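What follows is a single structure, written as structure tokens, with notes after it.
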Amino acid sequence: MKRSEQSVKRVIRPFSNAWGGVTSHKLRSLLTILGIVIGVSAVIALMSIGKGAEADILARIQTLGADLMMINPGSGMSAGGIRGAQGSMTTLTMEDATAIANKVDLVSSVTPLYSKSLQLIAGSQNMNSQVTGTTPAYMQTYNLNTLSGTFFSDYDLQRGTRVAVLGYNVWQTLYGGSDPLGQDLRLGTIIVRVIGVLESKGSVSGSPDDKVFIPLTAMQQAVAQQRTARGEQVISSISLKVKDLEQSDKIITDITGLLRSRHQLAATAENDFTVTSMEEVASTVSETMQTTTMLLGAIAAISLLVGGIGVMNIMLVSVLERTREIGIRKALGALDRDIWIQFLIESAFLTLAGGLIGVVLGWGSALLLSTFGTYHTLVSVDIVILAVSVSVGIGLFFGFYPAWQASRLNPIEALRHD
Amino acid sequence: MIRLQDIVKTYPMGNRELQVLRGVSFTIEQGELVAIMGPSGSGKSTILNLLGCLDVPTSGKYYIDGQEVSQLSSNELAHIRAHKIGFVFQQFNLLPRLSALSNVILGLEYADSDDRKLAMDSLTTVGLADRAHHRPTELSGGEQQRVAIARALAKNPPLILADEPTGNLDSRSGEEIISILTSLHEEQKITLVMITHDARIAQHCQRIIYIKDGQVEKDEKV
């Protein structure tokens, strides 16, 4: 007998023994792994929904551009720990925007925005919407395209022409999809002519879809323009593009320094404005969604745990039922370890099979959900690998005790067992 | 080959101790064919368990093949069972889901001499080569016991222990099993120890050890 051949057989043997054990009770084995199957498929399907939603949101943010940066009045956190509603403070001015455009490196399309919620009336339709006075640079800053008509021009801005460009949802609400170009629209106290409609950007918070855009100068006529103590024109926020994403930290520092000195803040005072980059927002959203996804996964993992307990239960029954087999094996010279490994592998084998079937079912239902349902799902390979290894781990964990019990049986008593 | 020396075995029974063997000593030489006889409860099964290294004595010494085994751990005993002892049980003790051949291979596995040809040869010796792929349920009692003998024989152990090998068989199958065992003993010079309460079967052996009340009552050549 060749030695190497025997050692190969010694490795393979417990696997074939376990296979024999599992396949000798096919229906029972199938029922045993059902809990694992359901657990794994739930983990895969739920995680794929979470991942899909995350990917969707990030993709929408990407369409606004990761290089977008926004400056809003108010500090991130007030002294009382309550964040002031954005726009409720009036610390940013038109002159701030000009200064940023002139003095900060690596920025472009610095766009001042002055927004107010106004009532819009078009014929018999009316709605409340955010009306934003801005400059033509807004188009580049937010990567926008017009669906029909044009955005207003620098000429319109200089003259304060009373023209408006509608966000996609505003157009749908007021005109129900019919051609609005050339129509008159009442914004609060002034009447403007519609010259364009913007393409939809999807429902990201602060999406232009729900807004109306008019030249900043026209906005100053529509609503009473506030001025600061130093006589500068108050605006709601400033948006800009970063030319080099690598440098965004430095740009934030530069803007912060410039605005602090312009606002004459004491060294100990908090910023009276907040600089937010889309890059940061994207990572925040991504983190939040990951947490949500993990939570979904954790809930599904509970069913995996329940499945594991089921496996343990059946393994205990199986050990009891096969007491005589264990006795025979021991009489033939099986070590405690041989018996232990055989049952442990059998248990891991069951849960591995359950995991693999679960992956197929979970992946299948994720595909069905995105094909026939409203969800966008994304199955990631690392979750598949994780789910399968966790199910094997469950088999080893919950099989440990039954296998140990089997290995400890006294051969004489086990042989006497019926 | 085998030497028992003042073997005592007690089992706890409630708060008392039940003394099953009370100083058993005998020697069995290589190539002997020995029957152990005695009424039920005499302790002969306990002797077989000790001889088979399934259990250890409470006191006394047991030498098998020159090795003292009464103090060994359960894994060391398993190693001796795997390599030095072949069992033939009254209940055959085959695994029902395995074929005759696989049952014989199972006996070889733990002796690390797992080999299909060896197993097949062993089945041929007991005249069951043509039934190798039948499961135990498809075999008669006599055939099942022949598979069990093949399993014990395949690894070529120095000692074969048979516990009432004909106890579950009709007399004709019983004769058959005994003739297989005795001819194996004659041809291959194996050491064979058989427990039986059937005097006719014991007559086929060279020597009979009578056990009564946990002691050797009589030890005589046939």
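Where a ≥ b ≥ c are the square roots of the eigenvalues of the C-alpha gyration tensor, would you call the stretch A:171-285 rounded, which needs a/c under 1.5, or, failing that, prolate if a/b is larger than b/c, or oblate?
oblate
Using the crude model of +1 on Lys and Arg Cβ and -1 on Asp and Glu Cβ, and no other charge, please compute the dipole size for the stretch B:73-222 relative to its Cα centre, in debye to 20.
Once rounded to the nearest 20, the dipole reads 140 debye.
Within 10 Å, at most 11 other Cβ atoms, and a DSSP state outside H, G, I, E, B define an exposed site. Report the longest part of chain A free of exposed trypsin sites (Lys or Arg not before Pro).
It works out to A:3-229.
Fewest to most neighbouring Cβ within 10 Å: what's the order for B:SER45, A:SER7, A:SER24?
A:SER7, A:SER24, B:SER45
Could you work out how far helix A:381-408 tilts from the main Cα principal axis of chain A, as a 0 to 90 degree angle to the nearest 10?
Compared with the principal axis, the helix lies near 30 degrees.
Quick one: 3J(HN,Hα) in Hz for the stretch B:9-14, Karplus 6.51/-1.76/1.60 with θ = phi - 60°, rounded, Gly and Pro as x.
9, 10, 10, x, 9, x
I need the fraction of alpha carbon pairs in the stretch B:2-221 separated by more than 21 Å, rounded to a whole percent.
Percentage above 21 Å: 54.
Let me know the Kirkwood hydrodynamic radius for the stretch A:1-76, please, with Cα pairs as the basis and the value in Å to one decimal.
One over the average 1/r among Cα pairs gives 18.5 Å for the stretch A:1-76.
Treating only the Cβ atoms of Lys and Arg (+1) and Asp and Glu (-1) as charged, compute the dipole magnitude of chain A about its Cα centre; round to the nearest 20 debye.
The calculated dipole for chain A is roughly 1320 debye.
Between B:SER171, B:SER70, B:SER42, which gets the highest mean-square fluctuation from a Gaussian network model of chain B, Cα cutoff 10 Å?
Top of the fluctuation ranking is B:SER171.
Can you tell me the alpha carbon radius of gyration of the stretch A:272-375 divided by the globular rule-of-thumb value 2.2 N^0.38 Å?
The value comes to 1.83.
Tell me, what HN-Hα J-couplings in whole Hz come from the Karplus equation 6.51 cos²θ - 1.76 cosθ + 1.60 at θ = phi - 60° for each residue of the stretch A:243-250, using x for Gly and Pro?
7, 9, 4, 4, 8, 4, 5, 5
Enumerate the amide H contacts of A:LEU120 below 5 Å, restricted to partners 5 or more residues apart or on another chain; note that Pro and chain-start residues carry no placed amide H.
A:MET127, A:ASN128, A:SER129
Local charge sum around A:ARG416 (other residues, Cβ-Cβ under 13 Å, Lys/Arg +1, Asp/Glu -1)?
Every neighbour counted, the sum reads -2.
Which residue fluctuates most in the GNM of chain B (Cα springs below 10 Å): B:ALA150, B:ALA111, B:ALA100?
Between B:ALA150, B:ALA111, B:ALA100, it is B:ALA111 that shows the largest mean-square fluctuation.
According to the square roots a ≥ b ≥ c of the eigenvalues of the Cα gyration tensor, what is the shape class of the stretch A:90-271, taking rounded for a/c under 1.5, prolate for a/b larger than b/c otherwise, and oblate for the remainder?
Because a/c hits 1.5 or more and a/b exceeds b/c, the stretch A:90-271 counts as prolate.
May I ask you to sort B:GLU220, A:GLU321, B:GLU164, A:GLU270 by Cβ crowding, counting other Cβ atoms within 10 Å and putting the fewest first?
The most exposed by this proxy come first: B:GLU220, A:GLU321, A:GLU270, B:GLU164.
Does the stretch A:210-249 come out rounded, prolate or oblate, given a ≥ b ≥ c as the square roots of the eigenvalues of its C-alpha gyration tensor, rounded meaning a/c under 1.5 and, failing that, prolate meaning a/b above b/c?
oblate
Just the number, please: percent antiparallel of the DSSP beta bridges in the stretch B:2-221, rounded to the nearest 5.
60 percent
Taking θ as phi - 60°, what are the ³J(HN,Hα) couplings along the stretch B:152-168 by the Karplus curve (6.51, -1.76, 1.60), each to the nearest whole Hz, with x for Gly and Pro?
Calculated HN-Hα couplings, in order: 5, 7, 4, 7, 6, x, x, 10, 10, 10, 10, 9, 6, x, 10, x, 9 Hz.
Net charge within 11 Å of A:GLU321 by Cβ-Cβ distance, Lys/Arg positive one each and Asp/Glu negative one each, not counting A:GLU321 itself?
Once positives and negatives cancel, what remains is +1.
Report for the protein assembly as shown the percent antiparallel among DSSP-assigned beta bridges with both residues inside it, nearest 5.
70 percent
Can you list residues whose amide H is under 5 Å from B:VAL20's amide H, if they're 5+ apart or on another chain and H is modeled 1.01 Å from N?
B:LYS9, B:THR10, B:TYR11
Return the calculated 222 nm mean residue ellipticity for chain A, to the nearest 500 deg cm²/dmol, obtained by summing -39500 (n - 2.57) across DSSP H runs with n ≥ 4 and dividing by the residue count.
-19000 deg cm²/dmol
Say we join alpha carbon atoms closer than 10 Å with springs in a Gaussian network model of chain A; which of A:MET47, A:MET127, A:MET315 then has the biggest fluctuation?
A:MET127
Specify the inter-centroid distance of the stretch A:114-193 and the stretch B:148-162, based on alpha-carbon positions, in whole Å.
Answer, in whole Å: 98.
Report, to the nearest 10°, how far helix B:74-84 tilts away from the longest principal axis of the Cα atoms in chain B, using its own Cα long axis and a range of 0 to 90°.
Taking Cα atoms only, the helix is inclined about 50 degrees.
Cα axis of helix B:171-188 to longest principal axis of chain B: angle in degrees, 0 to 90, nearest 10?
Here the helix axis deviates by roughly 80 degrees.
So how many Å³ per residue does the convex hull of the Cα atoms of chain A work out to?
Here the figure is 228 Å³ per residue.
In what sequence do A:TYR375, A:TYR138, A:TYR401 fall when counting other Cβ within 10 Å, fewest first?
By the 10 Å Cβ count, ascending: A:TYR401, A:TYR375, A:TYR138.
Values quoted throughout were computed directly from the atomic coordinates according to the rules given, and no laboratory measurement underlies them. A quick note: this is a predicted structure, and the numbers were derived from the prediction, not measured. Cβ: placed from backbone, ideal geometry, glycine included. Neighbour counts: every protein chain shown.
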